[in-house]
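Where a number appears in this text, it was derived from the coordinates with a stated rule and is not lab data. Owing to the predicted nature of the structure, the values given are computational and were not obtained by experimental measurement. Every residue, glycine as well, gets a Cβ built from its backbone with ideal geometry; the counts of neighbours run over all protein chains shown.
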Amino acid sequence: MNLPSTVFQVPIRAIGAYLAPPALGAIVLWRIARGNAIFALLSLPATLTHEFSHFVCGHLVGARPVSLSVWPRRAPDGSYMFGEVVFENIRWWNAAPASLAPLLGYGIAAGTALLRLRNGFAFSPWDVVLWAGLAQLLFGAWPSTVDWRLSLRSWPLFGAAAVAVWLHWSGALAAI
């Protein structure tokens, strides 16, 4: 199976190249991540996107978020907790979508790059501003350990997805 080399006439390599500076910025943010108030405030935009994606997706899948906090606070172990969303209706069928919602940030970043490159690329100072915002988005797009643990409640969905992928790639559906 051949994978496409363009998306809406924009080469995938160009999208990757445009996202290289924000990806580097996200890596720098990750490397300097410390449990202190200065970093918590520096990463506030990432926290906003991360927690807001949980909140919105939780509403869409019926997990019923009851609280949203994006203000950093000190945890009992001395580290900082950057934010949290509390759900009152997490079930096996909505745990993964609600807890892994920040992963949508990667698609949003790629879509932003696609929109920026659709008419060609000529560097503008606004690109630096956009890259800084995309770096925050990419930094906040990775689910936390708690998010991954919560998503495991949806193991039947993961199993069904694995079977569907196997059926697709093995060609078993073509025989039907």
(message) Starting from a Cα-only point model with no solvent, please compute log10 I(q)/I(0) by Debye for the chain at q = 0.13, 0.14, 0.20 1/Å.
(response) -0.81, -0.91, -1.26
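Given R₀ = 41 Å, FRET efficiency for Asp77-Val128 by Cβ-Cβ distance, to 0.05?
Details: r = 37 Å, r/R0 = 0.90.
Computed FRET efficiency for Asp77 and Val128: 0.65.
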(request) Report the FRET efficiency, 1/(1 + (r/R0)^6), for Ser67 and Trp93, where r is their Cβ-Cβ distance and R0 is 30 Å, rounded to 0.05. (result) 0.85
(request) Compute the longest continuous run of the chain that contains no exposed trypsin sites (Lys or Arg not before Pro); treat a site as exposed when its DSSP state is not H, G, I, E or B and it has at most 15 other Cβ atoms within 10 Å. (result) 92-176
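Please go through region 50-134 and write out the GluC sites (Glu not before Pro) that DSSP classes as loop and that have at most 13 other C-beta atoms within 10 Å. Let's see the in-between values first.
Details: sites: Glu51, Glu84, Glu88; in loops: Glu88.
Counting only loop positions with at most 13 other Cβ atoms within 10 Å, the GluC sites (Glu not before Pro) in region 50-134 are Glu88.
Name the helices (complete DSSP H segments) of the chain with a Cα length along the long axis of 15 Å or more and a Kyte-Doolittle mean of at least 1.0, or state none. Write down the numbers at each step before the final one.
On the way: long enough: 12-31 (27 Å, 1.15); 44-60 (24 Å, 0.48); 104-117 (20 Å, 1.24); 125-140 (24 Å, 1.17); 155-170 (22 Å, 1.08).
Span-like helices, by this rule, are 12-31, 104-117, 125-140, 155-170.
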(request) Please check which bits of region 101-128 a label hung off Val146 would reach, taking the label as a point 7 Å along Cα-to-C-beta and the cut-off as backbone N under 20 Å. (result) 101-105
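Which value at 222 nm does the chain reach when only helices count, each DSSP H run of 4 or more adding -39,500 (n - 2.57), with the total divided by all residues and rounded to the nearest 500 deg cm²/dmol?
Numbers: 8 runs with 101 residues, N = 176.
Result for the chain, helices only: -18000 deg cm²/dmol.
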